[in-house]
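Following: one structure in structure tokens, then a few remarks.
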Amino acid sequence: MNLFSIGISHHTAPVDVREHMYVSADELPRVLAQLKERLFSECMLVSTCNRTELYGILQDPSVADREIIAALLTVKGAAETVHPDHFTSHHAGAALHHLFRVSAGVDSMVIGDIQILNQVKEAFQTARDAGSLGPVMNRLMQASLHVGKRVRTETTICEGAVSVSYAAVELASKIFADLSRKTALLIGAGETGELTLKHLVGKGIGKVVVANRTRSRADELVAQLGGEAIDYEQMETGLRTSDIVITSVNSPTYVVQSEHVHQVMRQRGNNPLFIIDIGVPRNVNPAAKKIENVFLYDIDALSAIVDRNLQKRTAAMPAVTRIIREEMVEFFRWHKSLEVAPTIQEFRNTLETIRQDEVQKHINRFTAEDRELVELVTRRIVNKILHQPLITLKQGAENGGGEAETTLRIKVLRELFGMTKHTEHDG
Amino acid sequence: MDVMVIVNLLRLLLPLLYAVLVVMYGVTFFQTSPRLERTKHPALIAVIVLHLSYLTARTIAFDHPPITSLFEIMTMLACCMGLAYLYVEFRTHVQNTGLFVLSLALIFQTISSLFIRDLLVIPEYLHSLVLGFHVSTALLGYTALSLAAVYGLLYLMLYHEIKSSRFGMIYSRLPNLETLESMSHRSEVFGFVLLTLAILIGVIWLPVVFKDISYLDPKLIGTIAIWILYALALMAKRKGGWQGRKTMIVSLVGFAFVFLSMIIVNVYLSSFHTFH
């Protein structure tokens, strides 16, 4: 298999290098077309903020890495800014392994970040639409997406929030059933606080209220996210009507006292109140934790959740490795079936089976001395039919260059004569 | 095949089948197993069908529905729990609570299978239609209250995990607090309404059928005490601002009373209600 991959990623290059290699969706068809013309019989390119990687079947397997890198840099116009040392390459099985690892989200910056699967899917789709996929890469697309799907459903590698702000949102959805009927109040406007609020908006929070010492900052945020800005002094009213409170205030003393919370809880009929205290030093008196139906978390508690989730994800690695191995075996099995020799053998067997069945069925109609003749004649007919297709296949394979064409022929032949069953993929 | 053979076979088989169900739901609670995940729903339906066949077979074999003794009631309760959970599975998005509900069904069915007696001579009044209504509303009511207690218990376990930041299996597998609370609350209201109906039918209609009925019957008093407890709890939630943890504790306490009164009244006190 001439599968080849080359690229830069967060493992090999800092962001200021990676950004030069970023290929936007608009550019992608042009880049693919140029690369395909120069080097590949099939190819695909995935580009995200963490990686730009090219996968393909080389027209000439002996071409050197640096030539491919040079081509990539030229196409991208980044030859001046990006050094070839930032690239890593993989060949054959290793390239397949790498693509499956990427699709499974285990090569991501944060282990199990499955968002990459969508990006891989889009990259394959764009390549397909641009006409740069052939039979092997098409199959590779199915297989990669299948790996991602299996990893997502069969392992816990993408479970649990792995950032403080997501951990807060995850907790919120373990306390409340329907966030669209809840109100979130952000007190102060620290970065993590804002991010948490944004995640909550992303999760469909019903209403957003922002209270900040600098009113203009609150107005700005509300203009961006929707919702309502209130004066900092009205904070207590806000506490009464909100279900989720994020505090992110730079203050040496507690901004919310536990007596406040007590009072607020009475006023709100003891409805659960989830307080996320992201301030350092803390904004909410930790004594409020003891109040019934109050769920108070500070930055350390949230970080502890993140650490535990990361550990859990790492613990799922063996299961992911097993899935990748299984899918590699499956892919190789399929790929092997595309080789010329076994296909010719199988094609022969298929026709021979048909011949024997038919002869068997009607042999009694012939006299004993004619039977030998029937065998001879039918055998010759089958051989004649086989002759031309087999010559074409063999020649295609021996000429080397036309591998993609040979692969396509084999695929079509297998489909037409129903020789695909044992390599069917269930995804 | 003789109907008695079916009755005895199913009597022995049902606790085992519920145990298998509990194991299946247990395994899928603690780990991911796509194969078990697919088979557990059909398995649940199969067990419930067998259980309904068992109840039907008993009714035919002994010429009365299995509602005349504590242990007959218990197998009815187990079946109702299974049915109620099946409803939860099909109609709500609440996942992964089968282990807990079905464990309760397993306990009821095991006790019933061990101690149930084959009663062949039955009093004529057991064929009364009104009594049928009385018993079925009471049964469904108790089932709903048991369900309320199970979801109450799950709520408290999850509440504790969230409050203490110790996130284990409960946290990762159970639905959210609000859902558990509303499941428990809705079951409780449903159970309360049915219990009210059962008491009303009992108090108004049964004296017409039975001449020797007494209003000082221990079971009647016990049930009314339980009814008052639930009435107060529901009132506290509506008017007194009781939310979350407190109401869930009440659902557990209420269930404990239901269970105790069922045992005490039927085993230790004589009452026209126990029939035998």
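Just so you know, all these numbers are worked out from the coordinates, no wet-lab data involved. In this text, all values refer to a predicted model and were calculated from it rather than measured experimentally. Positions of Cβ are generated from backbone atoms using ideal geometry, with glycine treated the same way; all protein chains shown enter the neighbour counts.
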Value of relative contact order over chain B, rounded to a whole percent, pairs C-alpha under 8 Å and six or more apart:
20
Hits in the stretch A:47-67: amide N under 13 Å from the 7 Å Cα→Cβ extension of A:Thr81, namely none
Per-residue HN-Hα couplings for the stretch A:349-356, Karplus 6.51 cos²θ - 1.76 cosθ + 1.60 at θ = phi - 60°, whole Hz, x for Gly and Pro?
4, 4, 5, 5, 4, 4, 4, 4
Helix-derived mean residue ellipticity, 222 nm - over chain B, DSSP H n ≥ 4, -39500 (n - 2.57), to 500
-27500 deg cm²/dmol
Calculate how many DSSP beta bridges within chain A are antiparallel, expressed in % of all such bridges and rounded to the nearest 5.
45
If you bin the C-alpha pair distances of chain A every 20 Å from 0, what whole percents do you get?
21, 36, 27, 12, 4, 0
For A:Arg213, which sequence-distant residues (separation of 5 or more, or a different chain) have an amide H within less than 5 Å of its own amide H, given hydrogens modelled in the peptide plane?
A:Gly188
Expressed in nm², what is the orientationally averaged projection area of the convex hull enclosing the Cα positions of the stretch A:339-422?
6.1
In the stretch A:251-389, lysine pairs closer than 29 Å at Cα, eight or more apart or cross-chain:
4
Any idea what the relative contact order of chain A is, in percent, if you count C-alpha pairs under 8 Å spaced at least 6 apart?
13
Where only C-alpha atoms are counted, convex hull volume of the stretch A:150-278 per residue in Å³
116
Please arrange B:Ser164, A:Ser248 by counting, for each residue, the other beta carbons lying within 10 Å of its beta carbon, fewest first.
B:Ser164, A:Ser248
Say R0 is 35 Å: what FRET efficiency, to the nearest 0.05, do A:Ile354 and A:Phe332 get from their beta-carbon distance?
0.75
Volume in Å³ per residue [convex hull over Cα atoms, computed for the stretch B:1-137]:
109
Taking the Cα centre of the stretch A:164-307 as the origin, how large is its charge dipole in debye, to the nearest 20, when only Lys and Arg (+1) and Asp and Glu (-1) carry charge on their Cβ atoms?
320
How high is the FRET efficiency between A:Lys290 and A:Ala64 when r is their beta carbon distance and R₀ equals 41 Å, given to the nearest 0.05?
0.05
Name the residues whose placed amide hydrogens come within less than 5 Å of the amide hydrogen of A:Leu3, ignoring near sequence neighbours (fewer than 5 apart) on the same chain.
A:Ala92
Under 10 Å, Cα contacts only: if you run a Gaussian network model on chain A, which one of A:Ile323, A:Ile175, A:Ile278 comes out with the highest mean-square fluctuation?
A:Ile175
May I ask you to derive the FRET efficiency for A:Thr214 and B:Arg166 from their Cβ-Cβ distance with R0 = 35 Å, giving the value to the nearest 0.05?
0.35
Given charges at beta-carbon only (K, R positive; D, E negative), |dipole| of the stretch B:1-117 in Debye
200
For the stretch B:119-257, what is Rg from Cα atoms divided by 2.2 N^0.38 Å, rounded to two decimals?
1.28
For chain B, what number results from the quotient of the Cα radius of gyration and 2.2 N^0.38 Å?
1.04
